[in-house]
Amino acid sequence: MIYQACRTKRATKAEMEERRHLLAGIVNAIKPCTVRQVFYQATVQGVVEKTEAGYDKVQRALVELRRDRRIEYGAIADNTRWQRKPNTFGSLGEALEETARFYRRDLWRTADVYCEIWLEKDALSGVIWPITSKYDVPLMVARGYSSLTFLASAAEAIAEQERPCHIYHLGDLDPSGVNAGEKIEQTLRELAPDAEIHFERLGVTDEQVNMYRLPSRPTKATDTRAKKFGRAESVELDAIPPGELRNIVERAILQHVDQHELGVIQVAERSERKFLMNMASIHGEA
C-alpha cells in the first residue's frame, strides 16, 4: 500500500517511520542518486507531496537514514563539494598498487569518432560518472550557461581531434535549460569552425516526459525565453530515474563503440594491471 502524505495534520511517529522505510527503498533501487531525484520518485509514488515542504521532508529523512546507517552515506551523490590534495604514498610498492587499480587503456585513441557528454547540473555528475568513466568518455559539467573560457578550452580540444565529434547534452526541459544547450552548440561551432560537430540534446526530451511520466512544474512566465520555449510545464533533469538516466547515456555512447575493440582493450588492461600488481608486490617486499 502506498503511503499518502499527510497535508492537514502533523505526521505520527508510525507515519514518519513508514515514510523513511519507503524512501530507503527508493534510494536502494536507484543509487547513487541526488536528494532531488529521490524527491521526484517519492512524489510519483505518493510518499510526499510535490511542494517545498515535501522536499524538506525527504531531505530530513535522508539525513536520518544515513546517520542511522539504514542507507549508505555514498548512496546520495554530492559532487558540488570537494577538496584538492596531492596523491602521496608510503612506498614505491603502494604507488604501483594504486596505479594498477586505476590503470586504463585509451579506448578512443584509434576510434573514427570522438564523443563527449555535457551535463547541465554538477549535482548529477556522480550519477552519470559510472557510465562515462566505464567507456572513457569525457564528462563536461557545464553548470547551465558555460563560461567562455570553459567553452574555448573545449572547442580547442575538439578541433585537435581532427575527426567527427559527437556531443550529447543533458539539461532541464525549461527555457534556460534548452537555451543553455543551444548556446553551447553555437559557441563551440564558432570557436572550432573547421571541426565536424554533431550536437544532440540527450535529455530531457518531450519523448522522455511521456515515456517515463515525469513530474513537471509550471514554466516561469517571467522568463524572457518562455514564449519561444512554448511549453506551459517544465521538467527537471533530476526527474528522470537515475537508472534510466545512466541507460540513456550508455546507449548514446555505445553507438560509437567498437565492441570487438572494447573486448581486446579490456583483455590487455587485465594483463597489464596484473603485471603492475606483481611489480607492486616485488617493491613492497624490498
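The values are calculated or read from the model by the stated rules, or taken from the named source; none is laboratory data. What you see is a predicted model, and the numbers here were worked out from it, not measured in a lab. Heads up, the Cβs are rebuilt from the backbone with ideal geometry, glycines too, and the neighbour counts pull from every protein chain shown. Protein only, heavy atoms only, side chains kept; ligands, DNA and RNA dropped before computing areas. Shrake-Rupley method; radii C 1.70, N 1.55, O 1.52, S 1.80 Å.
Somewhere in region 197-211, is a residue open to solvent by less than 30 Å² (accessible area, probe 1.4 Å), part of a loop (DSSP other than H, G, I, E, B) and touching a Pro at 6+ places or on another chain (Cβ under 9 Å)? Scanning region 197-211 turns up no residue that is open to solvent by less than 30 Å² (accessible area, probe 1.4 Å), part of a loop (DSSP other than H, G, I, E, B) and touching a Pro at 6+ places or on another chain (Cβ under 9 Å). In region 200-211, the residues that are free of Cβ contacts under 8 Å to residues at least 60 places away in the same chain never reach a residue that is among the basic types (K, R) and assigned to a loop (DSSP other than H, G, I, E, B) with C-beta atoms less than 7 angstrom apart, at least six apart or across chains. Taking the numbered list (1) aromatic (F, W, Y); (2) open to solvent by 40 Å² or more (accessible area, probe 1.4 Å); (3) at pLDDT 95 or above in turn, F150 passes all entries but (3).
Conditions tested, residue by residue: (1) open to solvent by 40 Å² or more (accessible area, probe 1.4 Å); (2) closer than 26 Å to A42 by Cα.
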{"site": "L173", "(1), (2)": "no, yes"}
{"site": "K183", "(1), (2)": "yes, no"}
{"site": "K220", "(1), (2)": "yes, yes"}
{"site": "E233", "(1), (2)": "yes, yes"}
{"site": "V264", "(1), (2)": "yes, no"}
{"site": "R270", "(1), (2)": "yes, no"}
{"site": "F275", "(1), (2)": "yes, no"}
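For region 235-246, taking the residues that are open to solvent by 20 Å² or more (accessible area, probe 1.4 Å) and in a helix (DSSP H, G or I), the one that is farthest from E52 (Cα to Cα) is identified as R246.
Could you list, in sequence order, the residues of region 249-286 that are over 23 Å from the mean Cα position of the chain (by Cα), among the small types (G, A, S) and either modelled with pLDDT of 90 or more or closer than 24 Å to Y114 by Cβ (or both)? Matches in region 249-286: G263, A268, S271. The residues listed here are Y145, Y135; of these, the one that is farther than 24 Å from L107 by Cα and hydroxyl-bearing (S, T, Y) is Y145. The residues in region 31-58 that are open to solvent by 30 Å² or more (accessible area, probe 1.4 Å) and hydroxyl-bearing (S, T, Y) can be counted, and the count is 2. Based on this model, can you work out whether E190 counts as in contact with a strand residue (DSSP E or B) (Cβ under 6 Å, 6 or more places away or on another chain), open to solvent by 30 Å² or more (accessible area, probe 1.4 Å), under 30 Å from E156 (Cβ atoms) and of a type in the set (D, E)? Judged against the criteria, E190 is not a match. Only residues that are within 17 Å of V257 (Cβ to Cβ) and either open to solvent by 20 Å² or more (accessible area, probe 1.4 Å) or touching a Ser or Thr at 6+ places or on another chain (Cβ under 7 Å) (or both) were counted in region 132-147, giving 5.
Out of all the residues in region 250-265, is one or more touching a residue at least 12 places away in the same chain (Cβ under 8 Å), in contact with a helix residue (DSSP H, G or I) (Cβ under 9 Å, 6 or more places away or on another chain), in a helix (DSSP H, G or I) and closer than 22 Å to G144 by Cβ? No; the residues of region 250-265 include none that is touching a residue at least 12 places away in the same chain (Cβ under 8 Å), in contact with a helix residue (DSSP H, G or I) (Cβ under 9 Å, 6 or more places away or on another chain), in a helix (DSSP H, G or I) and closer than 22 Å to G144 by Cβ.
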